[in-house]
Amino acid sequence: MIVNHIINGVESPNFETHSTSPIYNPATGEHIRDVVLADTATREHAIASAEAALPAWRATGMAKRSHIMFKLREIITSRSEELARIISEEHGKTLADAHGEITRGLENVEFCAGLTHHMKGEYLQQAAHGIDVHQSRQPLGVVACITPFNFPAMVPLWMITTAIAAGNTVILKPSEKDPSAANWIAAAFRDAGLPDGVLNVLHGDQHTVEYLLETPRVKAISFVGSTPVAKAIYSSASAAGKRVQALGGAKNHMVVMPDADLDAAADAAISAGFGSAGERCMAISVVVAVGNIADELVEKIVQRAHQITLGVYDDPKTDMGPVITRQSLERITTFVAEAEKHGATVVVDGRDWDRTHLNPNGYFIGPSIIDHVSAGMPCYDEEIFGPVLCIARVDNYAQALEMINSNPYANGTAIFTRDGRTAREFEVGIEVGMVGINVPIPVPIGAFSFGGWKNSLYGDTHMYGPESFHFYTRRKVVTTRWPLPDESQINLGFPTN
Ligand code: NAD
């Protein structure tokens, strides 16, 4: 079976070529379907379809757009099991986790349903004598949204929903590893009443992305993915004069202070480190144990790690599924295999996990815990993006702060403490975009925006929520005067009050 594009409301194959990319079920290694990779004529068709839909969509009343958002929420909520199964089959995450992803995606649909408020402008009466000024928000035009494999529904919903609510038309280019959720979402939008051509799903790889970056017909780029690609996309899109936000990878630290509740901290480290097999941009990948609690904390984390059951997505006993590809499995395995060579200690080895009940062709690896990790070791310096939790030991809070602030990634971080003053100091001094105080995965709720700092985000606008409406609109300021006939005069000076 082929996963085709959705262009102008209909399922569309390529015009010229039959280029495809295989999709695998990570739990079995089975080649389950193929996704079409767009050729040039098909890319042009998608852009033309988005352009053709733009005038009517940007003129569509806010109340009608809002109604579509409410309807979309209803469709996704009532059919979430269907979407969850599509996500899990191609991604490998448990059904519970897929439902979690859908819920977090829906938060932005709910936020966008209030678009009449978010699209409101500003008005200042009597800015100068007899002069009023108002500012409105207008859509950018055709925008492209390029999304990663790890949240095949949530990240598209974070981007496209706001772009559409703001009056733009969209080309969504999902990950070729798990593209089917994007098609499901496009069908749900259509059923919610979205006119054809407003949302187009264009499947493809790097070449399609490059095309979208280069063409002047696409006005803005939203990207989420790995840091090297985010950085390249930011510079190409900027050079092409486009508005761009490019969210990259992460290395999220969780500081555990000596006064913390160690059981709660160990629970949090396990949940945030191994949920979705560590394939979350907000996963905790380094626990920073402060002071003399390190041995006790590691013991608690190790004990809990051994209770994790590896399995397939639809088995209710499964805590953790496979990773996304065979290449990813091999990469993760190498980090664990080489950790000791670099001076760290592997205290839990995911390669030893019981896999007898699993398909040997699946991309499974159990949780790994690597202790005594420090900067300079590959398992610390690089984003592993798998079920590997590193432990770094430091003497005091100042060293923990220094370690995190020296790291080039700055997506999320957390501190576990019972002391309000330490928590406050951390909140103020840490150079990271999203911070949790006794919360290990501080993904902001839909009414706030999401984004990291440094190498975790290129651009100045965070995603979804209020900043997204800012990203997907241009402000226009209008100055108005209605002079009486005898008030008019020639004045070559610069306007003053
Ligand atoms: P990826 O960078 O490989 O791919 C992301 C998207 O870019 C895909 O649609 C892919 O087709 C496209 N792409 C891949 N290589 C490209 C290239 N050279 N040029 C242009 N386009 C290219 O990322 P992934 O493996 O799909 O996702 C995992 C990564 O995403 C991790 O690094 C993770 O931390 C990051 N991520 C970040 C966030 C965040 O909010 N900061 C959220 C989710 C995932």
Spot the failing condition for residue 183; the list is (1) assigned to a helix (DSSP H, G or I); (2) near the ligand (Cβ under 9 Å from one of its atoms); (3) closer than 20 Å to residue 90 by Cβ, and only one is missed.
(2)
If I go through segment 199-216 residue by residue, how many of them are aliphatic (A, V, I, L, M) and near the ligand (Cβ under 10 Å from one of its atoms)?
3
Write out, first by first residue and then by second, each pair whose Cβ atoms fall under 6 Å of each other, whose residues are 6+ apart or on separate chains, and whose first residue, in segment 1-18, is over 10 Å from residue 203 (Cα atoms) while the second is outside any loop (DSSP other than H, G, I, E, B) and open to solvent by 60 Å² or more (accessible area, probe 1.4 Å).
7/45; 9/190
Need the failing condition index for residue 82 against (1) in contact (Cβ under 8 Å) with a residue 40 or more places away in the chain; (2) surrounded by 15 or more Cβ atoms within 10 Å (Cβ to Cβ), just the number.
(2)
Applying the selection to segment 461-472, what residues are surrounded by fewer than 21 Cβ atoms within 10 Å (Cβ to Cβ) and in contact with a strand residue (DSSP E or B) (Cβ under 8 Å, 6 or more places away or on another chain)?
461
Exclusive hit being away from the ligand (no atom under 13 Å from the Cβ) and either within 20 Å of the chain's Cα centre (by Cα) or on the phi < 0 side of the Ramachandran plot (or both), set 231, 219
219
So, of the residues in segment 274-288 that are within 14 Å of the ligand (Cβ to nearest atom) and part of a helix (DSSP H, G or I), which turns out to be surrounded by the most Cβ atoms within 10 Å (Cβ to Cβ)?
277
Scan segment 59-68 and give yes if some residue there is surrounded by fewer than 17 Cβ atoms within 10 Å (Cβ to Cβ), basic (Lys, Arg) and not in a strand (DSSP E or B), otherwise no.
yes
Looking only at segment 317-353, how many residues end up being open to solvent by less than 90 Å² (accessible area, probe 1.4 Å) and not in a helix (DSSP H, G or I)?
16
Residues located in segment 382-417, provided they are of a type in the set (D, E, K, R) and touching a residue at least 40 places away in the same chain (Cβ under 8 Å):
382, 383, 393, 395
Just the residues that are touching a His at 6+ places or on another chain (Cβ under 7 Å), within 11 Å of the ligand (Cβ to nearest atom) and in a loop (DSSP other than H, G, I, E, B), please, taken from segment 450-480.
451
For segment 219-264, which positions are open to solvent by 10 Å² or more (accessible area, probe 1.4 Å) and of a type in the set (S, T, N, Q)?
226, 227, 235, 236, 238
Given the criteria of a type in the set (Lys, Arg) and outside any helix (DSSP H, G or I), does residue 93 qualify?
yes
Segment 231-284: number of residues that are within 11 Å of residue 440 (Cα to Cα) and either touching a Lys or Arg at 6+ places or on another chain (Cβ under 7 Å) or not aliphatic (A, V, I, L, M) (or both)
7
Just need a number here: residues in segment 177-203 that are over 16 Å from the mean Cα position of the chain (by Cα) and within 14 Å of residue 149 (Cβ to Cβ).
2
Taking segment 49-67 and keeping residues more than 13 Å from residue 199 (Cα to Cα) and either not assigned by TED's automatic domain parsing to the domain that holds residue 194 or not basic (Lys, Arg) (or both) leaves 55, 56, 59, 60, 61, 62, 63, 66, 67
Is one or more of the residues making up segment 350-362 β-branched (Val, Ile, Thr) and within 29 Å of the chain's Cα centre (by Cα)?
no
Among (1) charged (D, E, K, R); (2) farther than 18 Å from residue 269 by Cα; (3) in contact with an Asp or Glu (Cβ under 6 Å, 6 or more places away or on another chain), which single condition is residue 418 missing?
(2)
Test residue 148 against the stated conditions and say whether it is within 13 Å of the ligand (Cβ to nearest atom), touching a helix residue (DSSP H, G or I) at 6+ places or on another chain (Cβ under 7 Å), in the same structural domain as residue 105 (by TED's automatic domain parsing) and open to solvent by 10 Å² or more (accessible area, probe 1.4 Å).
yes
Do the conditions hold for residue 271, that is, is it assigned to a helix (DSSP H, G or I), away from the ligand (no atom under 16 Å from the Cβ), of a type in the set (S, T, N, Q) and modelled with pLDDT of 95 or more?
yes
Among the residues of segment 105-127, is there at least one that is over 30 Å from residue 215 (Cβ atoms) and within 16 Å of the ligand (Cβ to nearest atom)?
yes
For segment 320-338, the count of residues that are more than 15 Å from the ligand (Cβ to nearest atom) and among the hydroxyl-bearing types (Ser, Thr, Tyr) equals 2
Which number in (1) away from the ligand (no atom under 16 Å from the Cβ); (2) surrounded by 20 or more Cβ atoms within 10 Å (Cβ to Cβ); (3) not charged (D, E, K, R) marks the one condition that residue 158 misses?
(1)
Considering residues of segment 186-205 that are in a helix (DSSP H, G or I) and closer than 20 Å to residue 33 by Cα only, the residue most open to solvent (accessible area, probe 1.4 Å):
187
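The values are calculated or read from the model by the stated rules, or taken from the named source; none is laboratory data. From a predicted model like this one, the values you see are computed outputs, not experimental measurements. Virtual Cβ from ideal backbone geometry, glycine too; neighbours counted across all protein chains shown. These accessible areas exclude ligands, DNA and RNA; they are computed on the full protein's heavy atoms, side chains included. Shrake-Rupley method; radii C 1.70, N 1.55, O 1.52, S 1.80 Å.
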